[in-house]
Amino acid sequence: MKKNIIIFIYVFLNFNLSYAEIDSTEQINIYKNLRCLICQGQSIADSNSEFAQTIKLVVKDQIKEGKTESEIYKFLIEKYGEWIVYKPEFSMNNFFLWFLPYIVLVLGGIIIFNMVKNSRK
Amino acid sequence: MKNKLIIIITFSFLFFIFFIFYLSLDKEKNYNTKNLVGKKIENFELDLLFTNNKIEVNELSENNFTLINIWASWCAPCRKEHKYLILLKDNKKLKILGINFKDKKNNAKDFLKKLGDPYYYNAEDQSGKKSVKLGVYGIPESILINNELRIIKKFIGPLNNSNYEEILDIIN
Amino acid sequence: MLSNFGNSLIVVNILITLSIIYSVVFCISNEKQTIPKKIWNFSLYQSTISITIFFTLIAGFIISDFSLVTVFQNSHTLKPLFYKISGTWGNHEGSLLLWINIMIIFSYLFLIYNKNSNKNYLFYTLVIQNILIIGFLLFLFINSNPFSLIFPTPKEGMGLNPILQDPALAIHPPLLYVGFVGSSIYFSAGTASLLSGYNGKEFAKSIKPWILVSWIFQTLGILTGSIWAYYELGWGGFWFWDPVENASLMPWFVMTALMHSVIVLEKRNTLYPWVIILCLLTFILSVTGTFLVRSGVLNSVHTFANDPSRGLYILVFLSLMVFSSLIIFFYKYQKYSYNFNANSKETFILVNNWFMAFFLVTILIGTTYPIFIEVIKKINISVGPPFYNILIIPIIIPFLIFMTFGPKAKWIKNKFSSFKSLTLLVIAATFLNILISNFFKSYSILSNIVITSSIFLILNSVLDLVKIFKKKRSFDFPRIISHLGFGFLVLFIGISHNFSIEKDFNIKIGETKLFKSYEINFESLETETRKNYKAVVGHFNIKNLSNLNEENARPEIRIYNNPETLTYEAFIKSKLTHDIYITMSNINRSEYYNIKFQKKPFMLWIWFSVLMISFGGFLRLIKNEK
């Protein structure tokens, strides 16, 4: 009788234990890179809104289907516009965005180099 | 001379920046989907709400115009806009597809019983995931498409009188 | 009644400010060599009245005088007293009043501390500072008046947002404003220096304490803002590269560059034009930041309520400020000689400026680019954390290395005598890094190099500390503390970022979720009624599967009535080695709750590192004053 009770309790406990999916940091990284469109400056990872919850489900499904990160972004950009992704794409439009800091870095280096060189005189 | 050039470049550059800031002051800051007009919606399957059948989005190309309306019984603004959908119900040029969003069948049935059923097709999206394929981000939302399945106009929020008139204009 | 009192005092202060400007201009044109008593008195009245105006507004909040629009919109009778008071500066109008107070008080303090300096320089500084003050006073009075009335008087206020009822947030604006509003004084002093010709070492000595003070408070202001975001906003992060955060960080880079460059000006009497540019740039960026945040051109989680008319005023003010100061700069510009040996402390400080410029431009472009693209190409893009991380993190590596070598270099000419010990340190740093990656888990190559470089800086700084205790030469102590703090900051952020565990899942009462390293059980849900809200508390049991430690977590959902809001209170257990972080939110029309669970290593050490950084500045300040 005791054994049966123990077995019963064990089965009952397991009934409520749900094994979570594989350690998916990729999932959370994608959530962090998506903007919650109805919130004021929050990512899908941070937001609790209806929209965020729906998008999380969609992303989870697409990861299960085997889609890559960039395919998922492409899909969402097609539906919602570029605004939904936090990483701006590498395009001609965004050339100055990605390269101006490096241009400044190179220019700064040149200026310092010249200053030192001119000092030698 | 070099100094003068630097001064001119600096001042022009700054003037340009301040001018852009000035122009940005009255830009609409809320998310809108103007960029989606003209795009073709993808084909996918929807479960029908009251039967066990399915519908494919491609079937909507049979109509001249289709108004896709995403709604739910728990959504208060959906009640407000419902009367415009009823008005559009009998319009020969337009068929309305209703997608019931994250709702319970019984509640949806009650809602339509009380306020009328304007939908030629009644579909459901319990998880909300299908609506993402249409670029939906809040309800109610309505999308007007033509027989090529291209988006003519997206209406965010409940339809009002001017939206209703606009739809009539477009389909005529 | 408060309204009339407040408004009259504002008008009086406008008149006093105008009188100060008039008197000082008179002194300049008559080349006076003494400070007339009138100016002393006016400045004292100006400060006293300004503080009184501020206390008047505070009084309005304390007694809940809802006839004042600002009090009505931002307070409520049931607010705890502490937050009624801090609510004074938690809104646009009140914070503007705080802004003006700091400008006026700093003006008076500058007068006191520089009463024996070059008179022309002092007078010009006062003129420019007071012109800035007038600009803001007029803005306050005409557009953003905290004493504007609402009629009929409402019986109850609209309440302060509950997320803003937090101690860190209460002190965050005052700290931050002493920082970037305080920079107004060296904006004025820099312009004054150009106009009066008072430059060189004496000028550097005059502005250095102001730069230090504003830098220290800016650092602390940013720290408290991050602490508030971490403990209050419920996403487990402390930096989101949000426009408002960036607006506070940009002046910080310029202040840091300026702090280092002014040392060069003081010691070697070079870099004068560059120091002036930096003096101007700090306050210009501060006002630009204010413009971006308060005008509504950017979308952010903690902007004030947006109003384009404010934006227009600030934009006009900003452009006037920028164009006039630049015109003066170019008009008075002369070529100065310089002599930089490649291997010298001066050059290393130039390198510091170089990197500061890079970081500044990156953040400035990232923040404002969406505005430009939207106006020019009508496209909406988002620029968020991935952009900033990709650009900034790799550059941190050479920056840390330069930071290690720079302070060791001597002025004018340096020779490195100790290659052997440096090589040993590099090996030690690499070894420690390997230890870390083996003990926890391995991480990306980039992270490896970043962490190794930060350890390199840390080890060097520690060795320098040892040298100080041996030789009793404590001059360098403040610098070592700050640089060590920065090394720690990079190290702990690197480790925390790489070794955080984050889980996002849905669960209902009674369920248990099993992960690789944790088991989380949702035991029960309890409701409690508290002072001005109702709390729905989740009882969770978290078991660490590797050491079988258990933690009881109590995240909450808080339901407020005034205004009707829902907030999610994270349960955060901060320990020495890591923080446990849980947020719980309900899913509409479902019995499931969405849980975000995080284990974040070394969070307390991150805050501590920033404290260390500002503490070094504080030590330098009191050393200077001795």
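Considering (1) away from every other protein chain (no Cβ under 14 Å); (2) not in a helix (DSSP H, G or I), the lone condition that C:Gly485 does not fulfil carries the number (2).
Select, from A:Lys60, A:Lys64, the only residue that is surrounded by 14 or more Cβ atoms within 10 Å (Cβ to Cβ) and charged (D, E, K, R).
A:Lys60
One line per residue, one yes/no per condition, for (1) part of a helix (DSSP H, G or I); (2) touching a residue at least 60 places away in the same chain (Cβ under 8 Å); (3) under 28 Å from C:Leu619 (Cα atoms):
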| site | (1), (2), (3) |
| --- | --- |
| C:Lys208 | yes, yes, yes |
| C:Gly221 | yes, no, yes |
| C:Gly234 | no, yes, no |
| C:Ser248 | yes, yes, yes |
| C:Leu280 | yes, yes, yes |
| C:Phe291 | yes, no, no |
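Among residues belonging to the range C:490-520 that are within 25 Å of the chain's Cα centre (by Cα) and surrounded by fewer than 20 Cβ atoms within 10 Å (Cβ to Cβ), point out the one that is farthest from the other protein chains (Cβ to nearest Cβ). Filtering first and then ranking leaves C:Ser496. Being within 14 Å of another protein chain (Cβ to nearest Cβ) and either surrounded by 17 or more Cβ atoms within 10 Å (Cβ to Cβ) or farther than 27 Å from C:Ile227 by Cβ (or both) is the requirement here; does C:Gly616 meet it? No. Checking C:Pro370 against (1) within 13 Å of chain A (Cβ to nearest Cβ); (2) in contact (Cβ under 8 Å) with a residue 24 or more places away in the chain; (3) not in a helix (DSSP H, G or I); (4) not basic (Lys, Arg), which test does it fail? For C:Pro370, the failing item is (3).
Can you pull out the residues in the range B:84-108 that are charged (D, E, K, R), surrounded by fewer than 16 Cβ atoms within 10 Å (Cβ to Cβ) and in contact (Cβ under 8 Å) with a residue 24 or more places away in the chain?
Step one: filter the range B:84-108 for residues charged (D, E, K, R), giving B:89-90, B:92-93, B:95, B:102-105.
Then drop every residue that is not surrounded by fewer than 16 Cβ atoms within 10 Å (Cβ to Cβ), which leaves B:89-90, B:92-93, B:104-105.
Matches in the range B:84-108: B:Lys89, B:Lys93, B:Lys104, B:Lys105.
Every residue in the range A:65-78 that is within 16 Å of A:Thr25 (Cβ to Cβ) and either in contact with a helix residue (DSSP H, G or I) (Cβ under 6 Å, 6 or more places away or on another chain) or in a helix (DSSP H, G or I) (or both), please. A:Glu69, A:Ile72 - these are the residues of the range A:65-78 that are within 16 Å of A:Thr25 (Cβ to Cβ) and either in contact with a helix residue (DSSP H, G or I) (Cβ under 6 Å, 6 or more places away or on another chain) or in a helix (DSSP H, G or I) (or both). Beta carbons closer than 7 Å, at least 6 apart along the sequence or on distinct chains, pair a first residue in the range C:26-38 that is outside any loop (DSSP other than H, G, I, E, B) with a second that is small (Gly, Ala, Ser) and surrounded by 15 or more Cβ atoms within 10 Å (Cβ to Cβ) for C:Lys38/C:Ser23. Being buried (at least 21 other Cβ atoms within 10 Å of the Cβ), of a type in the set (Ser, Thr, Tyr) and at the interface with chain A (Cβ under 8 Å from one of its Cβ atoms) is the requirement here; does C:Thr362 meet it? Spelling it out, C:Thr362 is indeed buried (at least 21 other Cβ atoms within 10 Å of the Cβ), of a type in the set (Ser, Thr, Tyr) and at the interface with chain A (Cβ under 8 Å from one of its Cβ atoms). Output the residues belonging to the range C:379-411 that are within 11 Å of chain A (Cβ to nearest Cβ) and in a loop (DSSP other than H, G, I, E, B). Scanning the range C:379-411 gives C:Ile379, C:Asn380, C:Ile381, C:Ser382, C:Val383, C:Gly384.
Among the residues making up the range A:74-121, those that are of a type in the set (S, T, N, Q), at the interface with chain C (Cβ under 8 Å from one of its Cβ atoms) and under 30 Å from A:Phe51 (Cβ atoms) are A:Asn93, A:Asn94.
Within the range C:299-332, which residues are modelled with pLDDT under 85 and either crowded, with 16+ Cβ neighbours inside 10 Å or away from chain A (no Cβ under 14 Å) (or both)? Listed by number, the residues that qualify are C:Asn299, C:Ser300, C:Val301, C:His302, C:Thr303, C:Phe304, C:Asn306, C:Asp307, C:Pro308.
Considering each of B:Leu60, B:Leu85 in turn, give the residue that is closer than 26 Å to A:Ile38 by Cα and not aromatic (Phe, Trp, Tyr). Checking each option against the conditions leaves just B:Leu85.
Whether any residue in the range C:273-289 is within 13 Å of chain A (Cβ to nearest Cβ) and under 26 Å from A:Ala45 (Cβ atoms) is what I want to check. No, every residue in the range C:273-289 fails to be within 13 Å of chain A (Cβ to nearest Cβ) and under 26 Å from A:Ala45 (Cβ atoms).
May I ask you to list the residues in the range C:583-613 that are touching a residue at least 40 places away in the same chain (Cβ under 8 Å), more than 13 Å from every other protein chain (Cβ to nearest Cβ) and not charged (D, E, K, R)? Passing the criteria: C:Pro601, C:Phe602, C:Met603, C:Trp605, C:Ile606, C:Trp607, C:Phe608, C:Ser609, C:Val610, C:Leu611, C:Met612, C:Ile613.
Considered as a group, the residues in the range A:35-57 that are closer than 25 Å to C:Gly296 by Cα and of a type in the set (Val, Ile, Thr) include one that is farthest from the other protein chains (Cβ to nearest Cβ), and that residue is A:Ile44.
Kindly provide the set of residues from the range B:120-129 that are in contact with a Phe, Trp or Tyr (Cβ under 9 Å, 6 or more places away or on another chain) and more than 22 Å from A:Gln53 (Cα to Cα), ordered by number. Walk me through how you get there before you give the answer.
Kept after step one, since they are in contact with a Phe, Trp or Tyr (Cβ under 9 Å, 6 or more places away or on another chain), are these residues of the range B:120-129: B:122, B:124-126, B:128.
Scanning the range B:120-129 gives a single hit, B:Asn122.
Give the number of residues within the range C:337-355 that are under 30 Å from C:Thr288 (Cα atoms) and surrounded by fewer than 14 Cβ atoms within 10 Å (Cβ to Cβ). The qualifying residues number 0. With respect to (1) at pLDDT below 80; (2) farther than 26 Å from C:Met259 by Cβ; (3) in contact with a Leu (Cβ under 8 Å, 6 or more places away or on another chain), the lone exception for C:Phe416 is condition (2).
Go through the range C:511-527 residue by residue and tally those that are of a type in the set (Ser, Thr, Tyr) and touching a residue at least 24 places away in the same chain (Cβ under 8 Å).
Pass one, the range C:511-527, residues of a type in the set (Ser, Thr, Tyr): C:512, C:517-518, C:524, C:527.
Subsequent filtering for residues that are touching a residue at least 24 places away in the same chain (Cβ under 8 Å) retains C:517-518.
So the count comes out to 2.
Just one of the listed residues (B:Ile139, B:Ile151) is part of a loop (DSSP other than H, G, I, E, B) and either of a type outside the set (S, T, N, Q) or in contact with a helix residue (DSSP H, G or I) (Cβ under 6 Å, 6 or more places away or on another chain) (or both), namely B:Ile139. For the range B:41-58, the count of residues that are touching a residue at least 12 places away in the same chain (Cβ under 8 Å), of a type in the set (S, T, N, Q) and farther than 30 Å from C:Leu315 by Cα is at least one.
Could you tell me whether C:Lys543 is under 36 Å from the mean Cα position of the chain (by Cα) and either of a type outside the set (Asp, Glu) or within 25 Å of A:Ser47 (Cβ to Cβ) (or both)?
no
Here C:Asp242 fulfils each of the conditions (1) crowded, with 23+ Cβ neighbours inside 10 Å; (2) within 25 Å of A:Tyr31 (Cβ to Cβ) apart from (1). For the range C:547-582, the candidate set comprises residues that are of a type in the set (Ser, Thr, Tyr) and within 14 Å of chain A (Cβ to nearest Cβ); within that set, the residue that is surrounded by the fewest Cβ atoms within 10 Å (Cβ to Cβ) is C:Thr565.
Condition check ((1) of a type in the set (Phe, Trp, Tyr); (2) assigned to a helix (DSSP H, G or I); (3) without any contact (Cβ under 8 Å) to a residue 24 or more places away in the chain) across all residues:
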| site | (1), (2), (3) |
| --- | --- |
| C:Thr17 | no, yes, no |
| C:Phe42 | yes, yes, no |
| C:Thr48 | no, yes, yes |
| C:Gly87 | no, yes, no |
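The values are calculated or read from the model by the stated rules, or taken from the named source; none is laboratory data. Here the structure is a predicted model, which is why all the values come from computation and not from measurement. Cβ atoms come from the backbone with ideal geometry, glycine included; neighbour counts cover every protein chain shown.
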